[in-house]
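S.K.: One structure, pasted below without further comment.
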Amino acid sequence: MAAPDFWNDPEGAQKLLVELKSLKRVIDGFHALDREVTDARGMAALLEAEPDDALAKELEQQADRLLPRIQRLELRSLLAEESDAHGAIVTIHPGAGGTESQDWAQMLYRMYVRYAERNGYAVSVLDLQPGEEAGIKDATIEVDGEYAYGFLKAEHGVHRLVRISPFDAQKRRHTSFASVFVYPQVGEDAPIEVKEADLRIDTYRAGGAGGQHVNKTESAVRITHLPSGLVVQCQNERSQHRNRDAAMKVLLARLYAQRIEDERAKRAAIGGGKKDISWGNQIRSYVFQPYTQVKDHRTDVVVTDVQAVMDGSIQPFIDAYLRRKEPA
């Protein structure tokens, strides 16, 4: 940056500044934590030389504050891929089963919104299509914050629910499925270029509740990326322009994710190793009856407090997934 010709290439300079800012956040956070750990060690040395109850209590409180931050930093060190530091786009689709599965999709939607709020991430709804009786037919949310994708990518897959259905008059136990797709947000420096000629953009009237304006104008947008065959749509906003922007954001994220997966598969083929690149299998079961348990089938982590999980406490599953996941 101190070079005289640094600003001769404004675009390149801007990318470097973004990279610098990202690296400084990592380094500054590490050094701040390192200083606090050094202070705590000094306090421990004083206690060894001269016991003091008040100082011991202060050290214990400091250790309680430091431990979760150290664990968080350790987890971040596992997020080494370029896309991990990005925000995330999360899409939820109910499986077959009508109202029952649509209700399950809505429960997952709430779970991820609560998780994002717990971690200080900003959440924007890009698309939300309500079901006829209950639940949702489809939902896409944007989770904005550092490493949101790195953590939430652990949620990509099929989620299974077992419960006594509130929609069954016979009170029988039902099994429902919903698919969760997680894509990294596309940064300004992402190597993704979409040509206008490669897009087919269709507009149509939005369905469901939304007021007279939404249902009487063609505000909903569907975009087809012809080379890849990817199709995205958005009808959540009243404005066709805003729906188009939201749909393009999802399309770029999916193209970016596809490129990452392609590169990962190539590296796996060259290295001769088997990498965890398959997202299609059932990853977790949520059992409400006859007992309460949430089990992640990839890590065997089990949590019995189902209500806490559904209220956004999914970090134990994410942590275990990141710790066991073979590096790409």
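The values are calculated or read from the model by the stated rules, or taken from the named source; none is laboratory data. The structure presented is a predicted model; accordingly, all values stated were derived computationally and were not measured. All Cβ positions, even for glycine, are placed from backbone atoms using ideal geometry, and neighbour counts span all protein chains on display. The protein model used for the area step is the full one, side chains on, heavy atoms only, and it has no ligands, DNA or RNA in it. Shrake-Rupley method; radii C 1.70, N 1.55, O 1.52, S 1.80 Å.
S.K.: Can you pull out every residue in segment 63-95 that is assigned to a loop (DSSP other than H, G, I, E, B), within 30 Å of GLN106 (Cβ to Cβ) and modelled with pLDDT under 90?
M.R.: Within segment 63-95, LEU79, HIS86, GLY95 qualify.
S.K.: Can you tell me which residues in segment 139-157 are open to solvent by 30 Å² or more (accessible area, probe 1.4 Å) and out of contact with any helix residue (DSSP H, G or I) (no Cβ under 8 Å at 6 or more places or on another chain)? Quick ask: steps written out before the conclusion?
M.R.: So the first thing to find is which residues in segment 139-157 are open to solvent by 30 Å² or more (accessible area, probe 1.4 Å), and the list is 144, 146.
Selection gives ASP144 alone.
S.K.: I need the full set of residues from segment 106-137 which are under 21 Å from VAL186 (Cβ atoms) and out of contact with any Gly (no Cβ under 8 Å at 6 or more places or on another chain), in order please.
M.R.: Matches in segment 106-137: VAL123, SER124, VAL125, LEU126, ASP127.
S.K.: If you don't mind, there's one more thing I want to ask. Which of the residues belonging to segment 116-133 are open to solvent by 30 Å² or more (accessible area, probe 1.4 Å) and of a type in the set (D, E, K, R)?
M.R.: Correct list: GLU117, ARG118, GLU132, GLU133.
S.K.: Considering only segment 286-314, state which residues are touching a residue at least 60 places away in the same chain (Cβ under 8 Å) and either in a helix (DSSP H, G or I) or in contact with a Phe, Trp or Tyr (Cβ under 6 Å, 6 or more places away or on another chain) (or both).
M.R.: VAL309, MET310, GLY312, ILE314
S.K.: From the residues in segment 232-274 that are open to solvent by 70 Å² or more (accessible area, probe 1.4 Å) and among the hydrophobic types (A, V, I, L, M, F, W, C), which one is modelled with the lowest pLDDT?
M.R.: ILE270
S.K.: Just to be sure, is ILE136 surrounded by fewer than 20 Cβ atoms within 10 Å (Cβ to Cβ) and of a type outside the set (Phe, Trp, Tyr)? Before you say what the answer is, go through the steps one by one.
M.R.: Details: surrounded by fewer than 20 Cβ atoms within 10 Å (Cβ to Cβ): no; of a type outside the set (Phe, Trp, Tyr): yes.
No: the conditions fail for ILE136.
S.K.: Then there is this: One residue is enough: does segment 97-115 have a residue meeting the conditions modelled with pLDDT under 90, open to solvent by 70 Å² or more (accessible area, probe 1.4 Å) and touching a strand residue (DSSP E or B) at 6+ places or on another chain (Cβ under 9 Å)?
M.R.: The answer is no, given that none of the residues of segment 97-115 is modelled with pLDDT under 90, open to solvent by 70 Å² or more (accessible area, probe 1.4 Å) and touching a strand residue (DSSP E or B) at 6+ places or on another chain (Cβ under 9 Å).
S.K.: What number of residues in segment 165-181 are open to solvent by 70 Å² or more (accessible area, probe 1.4 Å) and touching a Pro at 6+ places or on another chain (Cβ under 9 Å)?
M.R.: The total comes to 2.
S.K.: Something else now. Where the second residue is modelled with pLDDT of 90 or more and open to solvent by less than 70 Å² (accessible area, probe 1.4 Å) and the first is farther than 20 Å from LEU66 by Cβ and lies in segment 41-54, which pairs have Cβ atoms under 9 Å and are six or more apart or on separate chains?
M.R.: Within 9 Å, no pair qualifies.
S.K.: Of the residues in segment 116-127, how many are under 22 Å from LYS249 (Cα atoms) and part of a helix (DSSP H, G or I)?
M.R.: Of the residues in that region, 2 qualify.
S.K.: Conditions: (1) within 24 Å of the chain's Cα centre (by Cα); (2) closer than 22 Å to LYS295 by Cα. LYS137 meets all but one. Number of the miss?
M.R.: (2)
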